[in-house]
Amino acid sequence: MKKKFRHHVAYGILRPLLTWYFMFVQGYRPKRFKAENRKQPYLILGNHALASDPILMAASFRQPIYFVASDMIFSIPFVSKLITYLVSPIPKSKYKSDLQTIRNIKKIVKSGGSIGIFPEGNATFSGETMPIPLSTAKLVKSLKIPVVFYRLENTHFIKPRWSTQRRKGKMWGYVHSVLDVNEYADMSLEALHEHINQALYVNHYAIQQHKRIPYRNQRRAEDIESTFFMCPHCEAFDELTSLKHTIHCNACNHTFSIDQYGNLSDEVSYQTPLEWFKAQRQKFSIYLESLNKETTLFEDNQETLYEVKRETPKQLLGTVSLRLSTTHLTLRNQTLNYTFPLKELSVAVQQKNRLIIHHNPTQTTYYCISDPKRNAYKYVLAIALLNETGAY
């Protein structure tokens, strides 16, 4: 994999067209990056909130950027081949370290290409930049090229990850800082890691407190239960339903709403969904510690199950029930009965709430798709807390 002429052509045609669309239709304002040396390859790191973040980042750069992308996008017939031909994204597995990805990155850098990465690995659920893995600092050290830190702000309010609806409002992107090789050469790995986390940290709600920009939509709260599963009033789990601007708890019969600025109504003790998100994690962690072994936590039926192999179409396995206990995760129907110890699993959320389950001993990856209101995040959070990985 290396930089090619057709990528320059595709980038030169697509970038201005897509930039125009996001500026005039989506309210995006990018700030152009003026590189001192246009032939110099850069490692461009950005915070992540939207699926369209690579397009938003590219609007600030004249030279083509080779983005590291989830290998799930390579499993879509025809579309995957077209994307690969035009812009050649670098496949990366969400659920494991990937030496081939590192090799591909180094080949592109060697041929003069710049690399774009959103090192959180996931678009933010809460509106705050998630912790960035130490492996990002290791990659910076190994590439020995300047690092550009790109911040995208208020993108979370355009389309929160849990929502199916885009809002009308404003968002913007700019280069926050550049770290030259001689500036990080003598940094310890830990110091560099801390610098990366600070340079990419964005709290969209803190920015919004000062900006007070309205984000208009007729369904501001709808599908919020695909990320939030704890009632902020009575703290019951898995009892929320949403409709248009309101959220209702079936356990305590409490109803509250989200306003056009992204804030929660006065009927609950949290001002923002970010505060609610952090409280949900804390309360759920305490709840898990109180349970006996082999307690069933969650169960969802009518899950469409696929097996995924890298850069090939997904293989349909059937419709299953998905059950999580404090020790095992089970996928079951009349012909399948997969039961996995939690310690053997790596899990992630793809897109809004599609659940990726990777079984480490067999290196097998499964993909669960269900009703858009079904919460995949609760499985990821529960497994992370039970395995004490601290993910998400």
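The values are calculated or read from the model by the stated rules, or taken from the named source; none is laboratory data. The model shown is predicted, which means the values in this text are computed figures rather than measured ones. For neighbour counting, all protein chains shown are included, and Cβ atoms are generated from backbone atoms with ideal geometry for every residue, glycine included.
Here are a few things to note about the model shown:
- Exclusive hit being of a type outside the set (Asp, Glu), in contact (Cβ under 8 Å) with a residue 40 or more places away in the chain and crowded, with 19+ Cβ neighbours inside 10 Å, set Pro119, Pro131: Pro119
- Within the range 315-365, the residues that satisfy the criterion of being within 16 Å of Leu305 (Cβ to Cβ) and of a type in the set (Lys, Arg) are Arg323, Arg332, Arg354.
Here is a yes/no grid of residues against (1) within 12 Å of Thr365 (Cα to Cα); (2) in contact with a strand residue (DSSP E or B) (Cβ under 6 Å, 6 or more places away or on another chain):
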{"residue": "Asn301", "(1), (2)": "no, yes"}
{"residue": "Thr312", "(1), (2)": "no, no"}
{"residue": "Gln315", "(1), (2)": "yes, yes"}
{"residue": "Leu322", "(1), (2)": "no, yes"}
{"residue": "Ser325", "(1), (2)": "no, yes"}
{"residue": "Leu329", "(1), (2)": "no, yes"}
{"residue": "Thr339", "(1), (2)": "no, yes"}
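- Glu299 being closer than 24 Å to Leu386 by Cβ and without any contact (Cβ under 8 Å) to a residue 60 or more places away in the chain: yes
- For Leu305, the conditions (1) surrounded by 17 or more Cβ atoms within 10 Å (Cβ to Cβ); (2) more than 24 Å from the chain's Cα centre (by Cα); (3) among the aliphatic types (A, V, I, L, M) all hold with the exception of (2).
- Count of the range 131-147 residues which are within 20 Å of the chain's Cα centre (by Cα) and not in a helix (DSSP H, G or I): 3
- Counting the residues of the range 221-244 that are buried (at least 20 other Cβ atoms within 10 Å of the Cβ) and either of a type in the set (A, V, I, L, M) or more than 23 Å from Arg354 (Cβ to Cβ) (or both) gives 6.
For every residue, the table says whether it meets (1) outside any helix (DSSP H, G or I); (2) outside the structural domain of Leu134 (by TED's automatic domain parsing); (3) buried (at least 17 other Cβ atoms within 10 Å of the Cβ).
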{"residue": "Tyr11", "(1), (2), (3)": "no, no, yes"}
{"residue": "Gln26", "(1), (2), (3)": "yes, no, yes"}
{"residue": "Asn37", "(1), (2), (3)": "yes, no, no"}
{"residue": "Ala49", "(1), (2), (3)": "yes, no, yes"}
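- Test for Asn292: is it over 29 Å from Glu120 (Cα atoms), over 23 Å from the mean Cα position of the chain (by Cα) and in a strand (DSSP E or B): no
- Test for Arg281: is it touching a Ser or Thr at 6+ places or on another chain (Cβ under 7 Å) and either closer than 23 Å to Cys231 by Cα or assigned by TED's automatic domain parsing to the domain that holds His233 (or both): no
- The requirement of being crowded, with 19+ Cβ neighbours inside 10 Å, assigned to a helix (DSSP H, G or I) and in contact (Cβ under 8 Å) with a residue 60 or more places away in the chain is not satisfied by Phe125.
- Number of the condition not met by Trp162 [criteria: (1) modelled with pLDDT under 95; (2) out of contact with any helix residue (DSSP H, G or I) (no Cβ under 7 Å at 6 or more places or on another chain)]: (2)
- Among the residues of the range 328-366, those that are touching a helix residue (DSSP H, G or I) at 6+ places or on another chain (Cβ under 8 Å) and over 15 Å from Ala384 (Cβ atoms) comprise His328, Gln350, Lys352, Asn353, His359, Pro361.
- Residue in the range 246-265 that is among the hydrophobic types (A, V, I, L, M, F, W, C), surrounded by fewer than 19 Cβ atoms within 10 Å (Cβ to Cβ), at pLDDT 95 or above and under 23 Å from the mean Cα position of the chain (by Cα) present: no
- Any hit, the range 300-320, residues being closer than 20 Å to Glu225 by Cα and among the acidic types (Asp, Glu): yes
- The residue that is farthest from the chain's Cα centre (by Cα), counting only those in the range 266-280 that are under 21 Å from Phe237 (Cβ atoms) and acidic (Asp, Glu), is Glu267.
- Looking only at the range 1-38, and only at residues there that are among the charged types (D, E, K, R) and at pLDDT 70 or above, the one that is nearest to Ile90 (Cα to Cα): Arg15
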